[in-house]
Each structure stands twice: as C-alpha cells, then as structure tokens.
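Structure first, then comments.
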Amino acid sequence: MKHSASTQLWVGSPEHLSGQVVALIQKEYCPQQACGYCAICKQIVAEQHYAYLTVSTTKSAYARADLETIFSKIAFQGSSEEPRFCVITQAEKLSAACANSLLKLLEEPPAGWHWLLLTDRPQELLPTVISRCMVKEYASERDGGTRELYSFLTTLPLGDIVHFQQILERAKLSDYDSRLLFDELLAFWTKKPQARANWIECLHSFLNYQPMPGSSKFFWRTIYLNMHCLLAKES
Ligand SMILES: [Zn+2]
C-alpha cells in the first residue's frame, strides 16, 4: 500500500478546511495567486471553476450515486500546469462500499488530479482510506480563544463567572473546537493526581452529553458551573 502527496486527508473544522481548499486552488489558478477579487477567484469561491469538483452529502452516508460525478469527470485528465482537484467533504461518511470503489483512484490518481478528503471526525474514517492518504491536521483559526478557555478551566482556584463568560464569548468555539477542547480537558484532569474523583466522574458524564450543533456555549457554562460546585470550594 502506498500513498502519494496527491491524495490528502485534511482534518479540521469544516469552515476552516473549505477556506483552505479555496486558498489552495486560488493560488494555482489566480494570475495574482489568490488576490481574492478577480473573476477566477470568485468562481473558485462559488465552486464554479472547472479545475475542481466537490462532492458532499446531506445524508448520513455517501451512496455510490453521489460519487458518479467523480467517475465521469475524472476521465478528463489534468496536467502539472493545470492541476485538477477532487474534494470530498465529510469523508467519514464514505461507506465501505463507496470507499472500495474509490481505493484504486485514491492510490493512483489519474495524471494531474489531486484528492482532498476533508473531515472533522478522523476517528470515524475507514482505515483503508486513511492508509492511502497523506494526513494534514489543521489547527482551528480560533486557537487563541480555545487556549485561553483551556487555561481558565485547568487553573485553580477557578476564576469567577463574569470572567468565564468573557472568555467564553471571545473563544467563539465551533462544535469541532468544543469537542477537541473537551478531550484535552478530560486528559488534563484525569492525569492530575490531586483532582477529586467526583470531579473526574462528573467530567466523564459529559462524554455522553457532547454539545449539540450550536449549543456549545450552554455546554461550557454547564461544565463551568459543575466545576465550580465540585472544585472551587476546596481550593
Ligand atoms: Zn484572483
């Protein structure tokens, strides 16, 4: 099994990754290398440029029919001066059957073609797909705010709720950022020898209660309040 730089798996939040895809293709095709204003740059943003095709699905998994455009378009070869890009969003939704139909193409993309598989849930991807990709992890652009919230929630004594609210507002967490931050917090507190068992138990209970889309502020406020009750008193 081999993978080439032409087959990449990008891991990060969907909004951030789609911005990265646009930037990459603009750099290839815009005469001013991604000016952002010319007709070509605008076509690329509107997903109307001939150099790439994007597949996406609103269903819980891709069906073979969703990939038909790939099979029909990919016959038109690109070249090193005119690279073509095939973008599969939410690559974790590739079922085993879909993935199998793609494996050969992922392994040896037709001349001039580049695969960009995007995901924010790499743990759900099939190993047969991952092993054929060069994996790139993108930190969220909101990393600064996430770090601030992380240090707030890992420092005792815990700050007051007004300060917490300000940090939470500034952090502007996406659902993806929230999941990553929660995993980091859990890892931090589980390793702390002096952390009280009831707090760790409480954090674990949040594992079954990950933020629903759009509810991450509520999620973090609940965590803060629980933390306040369980930890702040003893410090
Ligand atoms: Zn341009």
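Quick rundown of the values:
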| read-out | value |
| --- | --- |
| Elements of type helices (runs of 4 or more DSSP H) in the stretch 1-106, at least 1 residues being in contact (Cβ under 8 Å) with a residue 40 or more places away in the chain | 14-29 |
| Members of the stretch 1-23 that are modelled with pLDDT under 90 and within 16 Å of the ligand (Cβ to nearest atom) | Gly19 |
| Which numbered condition Gly144 misses (of (1) within 24 Å of the chain's Cα centre (by Cα); (2) in contact (Cβ under 8 Å) with a residue 12 or more places away in the chain) | (2) |
| Top-ranked residue in the stretch 24-50 [being of a type in the set (A, V, I, L, M, F, W, C) and more than 11 Å from the ligand (Cβ to nearest atom); ranked as nearest to Ile130 (Cα to Cα)] | Leu24 |
| Number of positions in the stretch 108-125 that are free of Cβ contacts under 8 Å to residues at least 60 places away in the same chain, assigned to a loop (DSSP other than H, G, I, E, B) and under 16 Å from the mean Cα position of the chain (by Cα) | 1 |
| Test set (1) modelled with pLDDT under 85; (2) in contact with a helix residue (DSSP H, G or I) (Cβ under 9 Å, 6 or more places away or on another chain); (3) not small (Gly, Ala, Ser) - Lys233 fails condition number | (2) |
| Residue check, Gly159 surrounded by 14 or more Cβ atoms within 10 Å (Cβ to Cβ) and modelled with pLDDT under 85 | no |
| Residue match in the stretch 23-46 (condition: over 18 Å from the mean Cα position of the chain (by Cα), surrounded by 14 or more Cβ atoms within 10 Å (Cβ to Cβ) and closer than 20 Å to Asp120 by Cα) | no |
| Residues of the stretch 60-91 classified as touching a Leu at 6+ places or on another chain (Cβ under 7 Å), modelled with pLDDT under 90 and of a type in the set (Ser, Thr, Tyr), total | 1 |
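The values are calculated or read from the model by the stated rules, or taken from the named source; none is laboratory data. Because the structure is a prediction, the values reported are computed rather than measured. Because the Cβ atoms are built from the backbone with ideal geometry, glycine has one as well, and the counts that use them run over all protein chains shown.
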